[in-house]
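Comments concern the structure below.
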Amino acid sequence: MTSAATRDAASSVAAAPVDRHADVLIVGLGPTGATLAALLARQGLSVAVFDRLPDLYPLPRAIGLCHEALRVWQGLGLADALAPHVAPYRPSEYRGVHGQLIKRLDMAPPPHRLGWAPNSVFDQPAVERALRTHLAAQPGVHMATSHEVLWLEDTGDGVDAAVRGPDGREQHWHARHAVACDGGASPIRKRLGIPLQDLQFDEPWLVVDARVRQDKLAELPQTQVQYCEPDRPSTFVVGPGNHRRWELMLLPGEPLHEQWPEHSLWPLLARWIQPGEATLWRAAAYRFHGLVAERWRGGRSGRILLAGDAAHMTPPFMAQGMVQGLRDAANLAWKLVRVQRHGAPDALLDSYPVERKPHVEATTRSAIGLGRVICERDPARAAERDAQMLAACHGQVPTTIRQSMLPDLQAGLIAVGQPGAGSLFPQPLARCAPGAAWQLLDDLSGAGVRVLALDETLTDDEAGRLQAALLPMQGRLLRLLPVVDRLATADSRPGLRLAEQQTLMVDWLQGLQARLAVVRPDHQVYGCAADATGALALLAELADRLVA
């Protein structure tokens, strides 16, 4: 669209009568857009979400998840619906020039810190179908496929949009905010004139998905394998069920296009499978990029925001691409609710890019670092890489915990410098009554602002003051008992008294030399304190930024 045409389109939208209204308009119905819409609807906002495609993409693209994603979907009540489509992620072995082990990644053992296996593989089409089915059933949600958002215009007090349906007719919408979740090629980002920061990684790869015959599965690797071989770096991924994925670096002269005929794929897979041993499901070539939008808010007053691939693209070497977008959704959703429903200043939304952009950049750089290990094409440098990596660990390759490669929040709406600030709040199995079933903590406490306190550190007066401080933020006090036996079936004292099945939360607080934690609705820790006085001070700081 030329600049003149852009101005004309903007003028026509601004002048057109508004047909429909929503609190938030979302462009794109992929995992990020669908999750964001569901989170907003759950908190009572009306949402209009549009996608130009007639249905979800029926083939797998992302294959990896982490516990943060599963915790977000748990909060939507989707844990049982998604469970059949998710499986634990196998360890990753990096094999050098001569097949020797040079690096190993794995997830931390139980008890799982966030309540879920730290890393998983999943069936993306099935998970997306469950997300959309859930979203379609929510009150206040207008979901439309085969609808293209032609333009978004920030009017200063909201966003006007023109949306064209499959019959060619246009609807005009008004929302208080809009979020572009419209993919890496994001037309919205381009129309806003937001450039992408290049993190200097751009490599062509071919991704092949297959359903492997059951009797062949045992002959294939039982772990994820990174073949760091200079003649053709490759990746083997064990997906759920009989789904297996190969990622193969393209060599100079090989075509970078979406459609690879089947006969051209079998020679590339001959090391692992032969025709008849698997059904090829999908093959597509990509450029693995590391890109981050320079700005995540656009328009006259910043009412148009970017999320997911519209804001960043991450190489797949840490299986973080889709999860990055789900973190965006979790971070942004509760802030939009605070601004639109609870009178928080619009400046609260400035904390979204302040928090997410550096986190995305750091995570993407970590993925790029792994990619550079894998992608080395020069035989001499590859051999030198192997020797250096083995020498650094004296030939005994340690296991690196994947989550240790992910950063905490470093700035934004956190008490910078306080213990635990910017980290993720643990989620143990807990219960509130003797003999009750153990449940994940969020299912008991909800996901609002929370203060967790070791119960023996609180007087009832302190508990009452904490609960009063939480009231303006619709928050909740959680009192963690040292032993299950002290739970009472009825207790009138302030706060929700609970016990954990193991000592996950107690150990976490002790490691921070703290006794109380102040937690945001997206499970990010605002800060921890050694006593109730410190926690009350943290709550006062948080309230100043959340309550008008």
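The values are calculated or read from the model by the stated rules, or taken from the named source; none is laboratory data. The structure displayed is predicted, hence computed values, not measured ones. Reconstructed Cβ throughout: ideal geometry from the backbone, glycine too, with neighbour counts over all protein chains shown. Surface areas here come from the heavy atoms of the whole protein model, side chains and all, with no ligands, DNA or RNA. Shrake-Rupley method; radii C 1.70, N 1.55, O 1.52, S 1.80 Å.
Taking the condition surrounded by fewer than 23 Cβ atoms within 10 Å (Cβ to Cβ), touching a residue at least 40 places away in the same chain (Cβ under 8 Å) and of a type in the set (Val, Ile, Thr), does Val86 pass? Yes.
If you check Glu376, Glu361, Glu355, Glu384 for being within 30 Å of Leu546 (Cα to Cα) and open to solvent by 30 Å² or more (accessible area, probe 1.4 Å), only one passes: Glu361.
May I ask you to verify whether Val416 is in contact with a helix residue (DSSP H, G or I) (Cβ under 7 Å, 6 or more places away or on another chain) and on the phi < 0 side of the Ramachandran plot? No.
Of all residue pairs spaced 6 or more apart or on separate chains, those with beta-carbon atoms under 7 Å, a first member in the range 51-75 that is over 18 Å from Pro118 (Cβ atoms) and a second member that is assigned to a helix (DSSP H, G or I) and open to solvent by 50 Å² or more (accessible area, probe 1.4 Å) are Leu56/Arg129. Taken over the range 508-527, the criterion of being aliphatic (A, V, I, L, M) and either over 26 Å from the mean Cα position of the chain (by Cα) or open to solvent by 10 Å² or more (accessible area, probe 1.4 Å) (or both) is satisfied by Leu512, Ala514, Leu516.
For the range 159-187, residues that are of a type in the set (A, V, I, L, M) and open to solvent by 40 Å² or more (accessible area, probe 1.4 Å) total 1.
Got at least one residue in the range 42-60 being open to solvent by 10 Å² or more (accessible area, probe 1.4 Å), at pLDDT below 95 and touching a Phe, Trp or Tyr at 6+ places or on another chain (Cβ under 9 Å)? Within the range 42-60, one or more residues are open to solvent by 10 Å² or more (accessible area, probe 1.4 Å), at pLDDT below 95 and touching a Phe, Trp or Tyr at 6+ places or on another chain (Cβ under 9 Å). Scanning the range 258-292 for residues being more than 30 Å from Gly308 (Cα to Cα) and open to solvent by less than 70 Å² (accessible area, probe 1.4 Å) gives a total of 12. Look at (1) out of contact with any Leu (no Cβ under 6 Å at 6 or more places or on another chain); (2) part of a helix (DSSP H, G or I); (3) under 15 Å from Thr364 (Cα atoms); (4) not β-branched (Val, Ile, Thr) and you find that Phe288 fails only one, number (2). Is it the case that some residue within the range 316-331 is under 18 Å from Asp544 (Cβ atoms), assigned to a helix (DSSP H, G or I) and among the hydrophobic types (A, V, I, L, M, F, W, C)? Within the range 316-331 (the criterion being under 18 Å from Asp544 (Cβ atoms), assigned to a helix (DSSP H, G or I) and among the hydrophobic types (A, V, I, L, M, F, W, C)), the answer is no, since none of the residues qualifies.
Listed here are the residues, each with its yes/no results for (1) modelled with pLDDT under 95; (2) touching a Cys at 6+ places or on another chain (Cβ under 7 Å).
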site: Arg476; (1), (2): no, no
site: Arg486; (1), (2): yes, no
site: Leu496; (1), (2): yes, yes
site: Leu504; (1), (2): no, no
site: Gln513; (1), (2): no, no
site: Cys528; (1), (2): no, no
site: Asp531; (1), (2): no, no
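Matching residues to (1) farther than 16 Å from Phe288 by Cβ; (2) at pLDDT 95 or above:
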| position | (1), (2) |
| --- | --- |
| Leu305 | yes, yes |
| Met322 | no, yes |
| Gly343 | yes, no |
| Pro358 | yes, yes |
| Pro379 | yes, yes |
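Taking the range 377-482 and the helices (runs of 4 or more DSSP H) fully enclosed by it, the elements with 3 or more residues that are closer than 26 Å to Glu355 by Cα are at 441-445.
Flag not set for Gly193, criterion: over 22 Å from Arg365 (Cβ atoms), small (Gly, Ala, Ser), touching a strand residue (DSSP E or B) at 6+ places or on another chain (Cβ under 7 Å) and modelled with pLDDT of 95 or more.
Looking at Leu452, Leu413, Leu466, just one residue is hydrophobic (A, V, I, L, M, F, W, C), more than 18 Å from Leu114 (Cα to Cα), out of contact with any Pro (no Cβ under 8 Å at 6 or more places or on another chain) and crowded, with 18+ Cβ neighbours inside 10 Å, and that residue is Leu413. Conditions: (1) touching an Asp or Glu at 6+ places or on another chain (Cβ under 9 Å); (2) surrounded by 21 or more Cβ atoms within 10 Å (Cβ to Cβ); (3) under 30 Å from Glu384 (Cβ atoms). Leu101 meets all but one. Number of the miss? For Leu101, the exception is condition (2). Just one of (1) closer than 21 Å to Ala69 by Cα; (2) part of a helix (DSSP H, G or I); (3) touching a helix residue (DSSP H, G or I) at 6+ places or on another chain (Cβ under 9 Å) trips up Leu305, so point out which. Going through the list (1) closer than 21 Å to Ala69 by Cα; (2) part of a helix (DSSP H, G or I); (3) touching a helix residue (DSSP H, G or I) at 6+ places or on another chain (Cβ under 9 Å), Leu305 breaks only (2).
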